[in-house]
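The next block holds one structure in the form of structure tokens; read it before the comments.
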Amino acid sequence: MNLGIFDRRFKGSDPLPVMVVSMATIDSLIKVPRGLDLLIVGGGLAGLAAARVAAARGADWLLFEGSDTLGGRVGTDLVPDSETGEPFVIDRGFQVLLTSYPELEESGVLSSLPLGRFEPGANVRVTTRSKTRFHRALDVWRRPMSALTFDWRHVFSPGEAMALMRMRRDARNGNIESTRTTRDELVARGFSERALARFFVPFWGGVLLDRELAAPWSFTARLFDAFSRGDAAIPIGGMRALPAALATGLDPDRIVLRTKVQSVGQNHVILDTGARLVSGRVLVATDGDEASRLLPESIPTTRWRATTSCYYASQGPLPAPLDQRLLILDGDGLGPLHHLAPLSSLGPGFAPEGRGLVVASHDGVADPALEPALGAELRAWFPDTTWTLIAVRAIARGLPVIEREPTDFALPMPGLAVAGDHIADRSIDGALRSGRLAAQALFT
């Protein structure tokens with residue numbers, strides 16, 4: 001189906017052109033001789049995964065996205081340096097992808113993404129006897145030589161180190177059945193309040209955006225397994241590279257941006273222009289709020305986990321230990337800075353040459369007014385470095401709260417599916433799998 005009637009304009013560095021849609025354009029779409037095979041609502045990761053399925057089948061499909069870019073909650077802004085004009089790469093909240101995610105291998109896009117990879121482990125900042133130190137602790141199973149400088153003893157007791165080994169084994173073997181919350185499971189496995197405060201709360205609290213660790217252990221264990229098998233990484237140029245890679249090879253004339261869907265039915269969608277498009281299949285791949293609006297009787301209202309991320313630049317390279325490719329965790333838990341990621345240490349392309357870039361995050365609250373306190377704590381940690389605020393990202397809709405057992409997708413009625421991380425696992429992998437399987441089910 002030729003949809004070349006769109007007026008395409010590129011906007012900045014968006015990976016795909018913006019589609020400017022008029023009523024005349026929509027009218028001509030309705031007059032297409034044969035019906036569409038699939039209408040996709042939403043251009044996030046789930047929607048793009050579904051579009052790839054339709055394209056591989058040679059189907060007639062069309063994707064509508066209400067914003068002016070693809071990726072949903074996965075996005076990146078380029079903020080120019082006030083002095084040189086060269087860009088800082090600012091993701092919309094601190095996000096990473098895990099290279100062991102099965103859907104990244106399934107999609108085949110991982111090999112096309114140049115990545116900045118974190119080392120497995122962390123630097124844990126702990127104050128004891130009025131002395132503050134950063135304790136470097138690598139994953140000794142993946143970095144055996146790090147055992148020669150083993151520094152976990154300031155975080156875990158020898159017994160807890162053995163419990164960590166058993167937990168890793170159970171996760172890798174799929175022995176993760178539990179009705180407990182993540183926190184309750186860790187306590188049941190013998191971890192002390194000290195271990196929770198120094199490592200698990202700042203680490204898993206950052207991953208889950210929940211410092212109470214209330215997520216089901218079965219979900220956290222799957223993520224733990226993914227961390228143990230692969231690297232936490234950020235594409236060079238920011239997380240926007242992931243949706244751009246997923247969109248590579250898709251016909252841009254089938255992707256309509258800046259066009260909101262007003263309602264959906266079993267075999268049609270109605271746009272906010274009033275136009276009605278008919279299709280044999282409809283897939284709603286929006287976030288949970290929009291899915292609930294479109295299908296209030298089928299999709300429950302989503303509750304969200306929030307986070308606030310502040311990006312700071314250094315004059316000159318980052319100081320130690322920020323010059324290591326390790327996340328820094330606040331093991332004291334007394335201030336607003338929960339974890340700190342040295343982005344420019346991951347490789348070139350995150351900051352202008354000669355500058356450093358870090359992201360300081362506070363999990364559980366989306367509030368730009370947190371910035372002065374976050375900045376003050378960063379400067380207290382590294383008083384010999386001059387820091388400049390680059391951007392603040394207060395993300396109210398970071399991750400959906402897990403309130404029911406995840407499923408791959410929903411089928412409210414024949415020919416109509418719902419996909420996304422509000423239904424599946426709350427992860428990049430879950431969103432991709434949900435979109436792919438939902439599209440495959442519709443074509444079955």
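A short reminder: the numbers here are calculations on the coordinates, not readings from a lab. The model shown is predicted, which means the values in this text are computed figures rather than measured ones. Reconstructed Cβ throughout: ideal geometry from the backbone, glycine too, with neighbour counts over all protein chains shown.
Brief remarks on what is shown
- Calculated FRET efficiency, D323 to S67, Cβ-Cβ distance, R0 = 30 Å: about 0.25 to the nearest 0.05.
- Dipole size of the chain about its Cα centre, with +1 on Lys/Arg Cβ and -1 on Asp/Glu Cβ: approximately 680 debye, rounded to the nearest 20.
- In segment 69-111, a dipole from Cβ-located charges (positive for Lys and Arg, negative for Asp and Glu) runs towards its positive end, and of I90, V74, S111 it is V74 whose Cα lies farthest in that direction.
- Using a cutoff of 8 angstrom between alpha carbon atoms and counting only pairs six or more residues apart, the relative contact order for segment 250-392 works out to 22 percent.
- Entry note, segment 172-297: relative contact order of 16 percent, from Cα contacts under 8 Å with a spacing of 6+ residues.
- For the chain, the relative contact order is 23 percent, taking Cα pairs closer than 8 Å that sit 6 or more residues apart in sequence and dividing their mean separation by the residue count.
- Each of the peptides 266-275, 57-66 was scored by the mean count of other Cβ atoms within 10 Å over its residues; in descending order, highest first, they stand as 57-66, 266-275.
- Of the residues A245, A438, M145, the one whose Cα sits farthest toward the positive end of the charge dipole of the chain, with +1 on the Cβ of Lys and Arg and -1 on the Cβ of Asp and Glu, is M145.
- Three-way shape call for segment 158-215 based on the alpha-carbon gyration tensor, with the a/c threshold at 1.5: oblate
- Degrees, to the nearest 10: 428-443 long Cα axis against longest axis of the chain: 20
- Candidates per trypsin sites (Lys or Arg not before Pro) in segment 343-432, loop by DSSP, up to 11 other Cβ within 10 Å: R404
- Placing R0 at 35 angstrom, the Cβ-Cβ distance between M145 and V79 gives a FRET efficiency of 0.35 after rounding to 0.05.
- The long axis of helix 45-56 is offset from the longest Cα principal axis of the chain by roughly 50 degrees.
- In this Cβ point-charge picture (+1 for Lys and Arg, -1 for Asp and Glu), segment 391-444 has a dipole of about 200 debye about its Cα centre.
- For the chain, built as a Gaussian network whose Cα springs stay under 10 Å, the top-fluctuating residue of L148, L97, L340: L148
- For segment 130-287, the Cβ-based charge dipole about the Cα centre amounts to some 440 debye (Lys, Arg positive; Asp, Glu negative; other atoms uncharged).
- Take each peptide in 169-177, 187-195, 208-216, count the other Cβ atoms within 10 Å of every residue, and average; sorted highest first, the result is 208-216, 187-195, 169-177.
- C-alpha long axis of helix 217-229 to longest principal axis of the chain, angle in °: 80
- The peptide list 133-141, 282-290, put in order of mean Cβ contacts within 10 Å with the highest first, becomes 282-290, 133-141.
- Percent of Cα pairs exceeding the 39 Å cut-off, where the set is the chain: 23
- Note on the chain: helix-only mean residue ellipticity at 222 nm, from DSSP H runs of 4+ residues weighted -39500 (n - 2.57) and normalised by residue number, equals -7500 deg cm²/dmol.
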